[in-house]
Amino acid sequence: MQYIERFRLNSRGAKALLRSDGVREDMQRRADAIKAVAEPQWQAATAGIGGLDPVRVIADTSVGSGRAFGTVIAIHPASLRIEQDRRILGGAIDAARN
């Protein structure tokens with residue numbers, strides 16, 4: 001059996017792979033999974049706050065200069081405080097591992 005003695009990463013190929021449609025689709029799938037777990041928790045957390053608009057949870061992807069990435073954002077005036085106290089988005093990250 002032969003072994004590889006030297007391996008040189010093709011930087012342009014790796015960058016193209018990280019920016020590919022397949023990677024972007026995988027990031028979108030993972031962001032949607034996080035949103036599916038987090039959104040009901042956000043709805044429950046903001047239900048008792050009167051007079052404010054309902055929370056909106058957005059899952060999106062983008063391709064930057066180096067790679068594709070996904071984001072999940074909760075849009076609500078109290079979202080930072082609620083995330084700090086309950087870590088809803090932080091706790092939902094496990095949903096993206098599957």
### Query
Taking 0.36 nm per residue of separation and subtracting the Cα-Cα distance, what length does fully extending GLU5 through GLN43 add?
8.2 nm
### Task
Counting only C-alpha contacts under 8 Å and six or more residues apart, can you give the relative contact order of the chain as a whole percent?
33
### Task
Using a 1.4 angstrom probe on heavy atoms only, work out the carbon and sulfur share of the accessible area of the chain in %.
52
### Task
Could you order MET27, MET1 so the one with the most accessible surface comes first? Probe is 1.4 Å.
MET1, MET27
### Task
Return the sequence-ordered ³J(HN,Hα) values of region 6-22 in whole Hz as given by the Karplus equation 6.51 cos²θ - 1.76 cosθ + 1.60 applied to θ = phi - 60°, using x for Gly and Pro.
9, 10, 10, 6, 7, 4, 5, x, 5, 5, 5, 5, 5, 9, 6, 5, x
## Note on the structure
Helix-only [θ] at 222 nm, the chain, -39500 (n - 2.57) per DSSP H run of 4+, per residue, nearest 500, equals -15000 deg cm²/dmol
### Message
Students often check this: by mean Cβ neighbours within 10 Å, which of 8-20, 29-41, 65-77 ranks highest, and how do the rest follow?
### Response
29-41, 65-77, 8-20
#### Entry: the chain, dipole about Cα centre (Lys/Arg Cβ +1, Asp/Glu Cβ -1), debye to the nearest 20
480
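The values are calculated or read from the model by the stated rules, or taken from the named source; none is laboratory data. In this text, all values refer to a predicted model and were calculated from it rather than measured experimentally. So basically every Cβ, Gly included, is an ideal-geometry build from the backbone, and we count neighbours across all protein chains shown. To get the accessible areas, we keep the full protein, side chains included, count just its heavy atoms, and leave off ligands, DNA and RNA. Shrake-Rupley method; radii C 1.70, N 1.55, O 1.52, S 1.80 Å.
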